[in-house]
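Trainee: Below is a structure I'd like to ask you about.
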Amino acid sequence: MRLLGLKTFRHGIHPPESKDETSGLAIRQFPFSPLLIIPVAQSMGKPPILEVEEGHEVVRGQRLARADGFMSVSLHAPASGIVRKIGLTPGISGRMVTGIFLEPYPGSTQEVPPGKACDLETATPDEVIAAIQEAGVVGLGGASFPTHVKLKFPEGKFIDTLIINGVECEPYLTTDHRVMLEQSDDLFNGVRYLLKATGAKRAIIGVEANKPDAVEHLQAHLPSDLPATVDMLNVKYPQGAEKMLITALLDREVPSGGLPLDVHVLCTNVATTAE
C-alpha cells in the first residue's frame, strides 16, 4: 500500500529515530586488540569443525573451522597471528561455547583477503551457494542465519523477486545506511550473486525516506545491466521486518506460519548482501 505516495504497510509506530549522531560518520576500522577471542559458533546453524590447534600460526582469511554439514558455515581468521588457546568463552547467548584465542601479529593487515574465485558467468547456482557457505556468510540483520541455507529451496518452490532490506527502522542504528553509501559496488555485486543463486528475475532495494542520500546514491550508481530498482519507503517501525517489508514493496501477504518463499520472495539484509 501507499501513504502520501510512499510505499508502506498498515499500522506501525513512529519512535524517535535518534540517528543523527552517527548517520554522517564514515565507517572506521578498530585496531586489533592484543587478544581476539573468536567463538566457533558464529550462526544459528551447527558449529563448524576446528582445523587449528593451540600453537598454530594462521594468516588472515585462513579457514579455522570447516562447515559441518549443510546447516553450518566455515570460520576464518580475522587476523594473522598465533592460536594461544582453544577453550570455553561466553557466547552471544550467555552460554559457554568453544572459542579460539588468537594473538594477532603487530603488523597484521586489515585488508580483505581475496577469496576463492566464483565466476558468475560459468558457475551454477549450486556452486554459488557452496561458495557462500564456504565464505562463512551469515545474516547480518540480527538473526545470524546461514545465508546459503535460505538460498536452497525445497523441491517445487521458487522465487521471482529478491528484496534487499536497507530499511534499518530501529532507533539509533545507521550501519546499513553507511554500507549503502560507502560500499554500493559490493552491494550490487552481492545482488548479482544472489540473483544467480536463486533464479530471481529482479531485485528491489528497499530504503526508508529518512535516508534520501542513500537512495540518491544507489539510484545514481545502479548498473544499467542489473535488473534492480531502489524503492523509497515511508518511515515507520517495524518496516524492516521481512513480512511487513514484503507487504510494503509488493503488496503480498506471507500466510500465517509461512515464509517469504510461500509468496515467491527472498529477503536479505544490505550488509549481508555486501559481504
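Trainee: Which shape class applies to segment 36-104: rounded if a/c is under 1.5, otherwise prolate when a/b exceeds b/c and oblate if not, where a ≥ b ≥ c are the square roots of the Cα gyration tensor eigenvalues?
Mentor: Because a/c hits 1.5 or more and a/b fails to exceed b/c, segment 36-104 counts as oblate.
Trainee: Return D176, D126, D225 ranked ascending by Cβ neighbour count within 10 Å, so the fewest neighbours appear first.
Mentor: D225, D126, D176
Trainee: Is the shape of the chain rounded, prolate or oblate, going by the alpha carbon gyration tensor and its root eigenvalues a ≥ b ≥ c, with a/c under 1.5 for rounded and a/b larger than b/c for prolate?
Mentor: Prolate.
Trainee: What ranking do M180, M244, M232, M44 get, fewest neighbouring Cβ atoms within 10 angstrom at the top?
Mentor: Sorted ascending by nearby Cβ count, the order is M44, M232, M244, M180.
Trainee: Right, something else. Report the far tail of the P(r) of segment 141-242, meaning the percent of Cα-Cα pairs longer than 19 Å.
Mentor: More than 19 Å apart: 44 percent of the Cα pairs in segment 141-242.
Trainee: Under 5 Å between amide H atoms, partner at least 5 residues away or on a different chain: which partners does A228 have, H built in plane at 1.01 Å?
Mentor: Placed amide hydrogens put A203 under 5 Å from A228.
Trainee: Now for a different question. So the label point goes 7 Å from the Cα of R28 along Cα→C-beta, right? Which residues of segment 108-129 then have their backbone N under 19 Å from it?
Mentor: The answer is 110-111, whose backbone nitrogens lie closer than 19 Å to the label point.
Trainee: Could you calculate the FRET efficiency of R63 with E170 from 1/(1 + (r/R0)^6), where r is the beta carbon distance between them and R0 is 35 Å, rounded to 0.05?
Mentor: 0.60
Trainee: Evaluate the charge dipole of the chain about its Cα centre and quote only its size in Debye, nearest 20, assuming +1 on the Cβ of each Lys and Arg and -1 on the Cβ of each Asp and Glu.
Mentor: So the magnitude is around 560 debye.
Trainee: Also, I was wondering about something else. Using +1 on the beta carbon of Lys and Arg, -1 on that of Asp and Glu, and nothing else charged, what's the dipole of segment 36-104 about the Cα centre, debye to 20?
Mentor: Computed about the Cα centre, the dipole is about 200 debye.
Trainee: Please give the contour-minus-distance gain from I37 to D119: 0.36 nm per residue of separation, less the Cα-Cα distance, rounded to one decimal in nm.
Mentor: That works out to 26.2 nm of additional length.
Trainee: Fewest to most neighbouring Cβ within 10 Å: what's the order for C118, C267?
Mentor: C118, C267
Trainee: Stokes-Einstein at 10 °C, 1.306 mPa s, Kirkwood radius from Cα pairs: D for segment 167-220 in µm² s⁻¹?
Mentor: 132 µm²/s
Trainee: If you stretched the chain out fully between L88 and K157, how much longer would it get, using 0.36 nm times the residue separation minus the C-alpha to C-alpha distance?
Mentor: Net length gain for the segment: 20.8 nm.
Trainee: Under a 5 Å amide H to amide H cut-off, with H placed in plane at 1.01 Å, what residues pair with K7 once short-range neighbours are removed?
Mentor: Under 5 Å from the amide H of K7 lie the amide H atoms of N234, each far enough along the sequence or on another chain.
Trainee: Just want the answer: with Cβ charges of +1 for Lys and Arg and -1 for Asp and Glu, which residue in A41, N210, P223 is farthest toward the dipole's positive end in the chain?
Mentor: Comparing the listed Cα positions along the dipole, A41 ranks first.
Trainee: Work out, in µm²/s and without decimals, the Stokes-Einstein translational diffusion coefficient of segment 1-141 at 20 °C, 1.002 mPa s, Rh from Kirkwood over C-alpha pairs.
Mentor: The Stokes-Einstein estimate is 118 µm²/s.
Trainee: Rounded to the nearest 5, what % of DSSP beta bridges with both residues in the chain are antiparallel?
Mentor: In the chain, DSSP labels about 60 percent of beta bridges as antiparallel.
Trainee: Which listed residue (G69, F101, A200) has the Cα farthest towards the positive end of the charge dipole for the chain, taking +1 on Lys and Arg C-beta and -1 on Asp and Glu C-beta about the Cα centre?
Mentor: G69
Trainee: Continuing with this model, one more query. Please work out the Cα center distance from segment 205-247 to segment 55-73, rounded to the nearest Å.
Mentor: Each part's Cα centre sits 34 Å from the other's.
Trainee: Further, regarding this structure: Of K85/K116; K150/K211; K152/K201; K116/K196, which pairs sit farther than 26 Å apart, going by alpha carbon to alpha carbon?
Mentor: Beyond 26 Å: K85/K116; K150/K211.
Every number here is computed from the coordinates shown, using simple stated rules; none is lab data. On a predicted model such as this, the values are computed, not experimentally measured, just so you know. In this analysis, Cβ positions are derived from the backbone assuming ideal geometry, glycine residues included, and neighbour counts consider all displayed protein chains.
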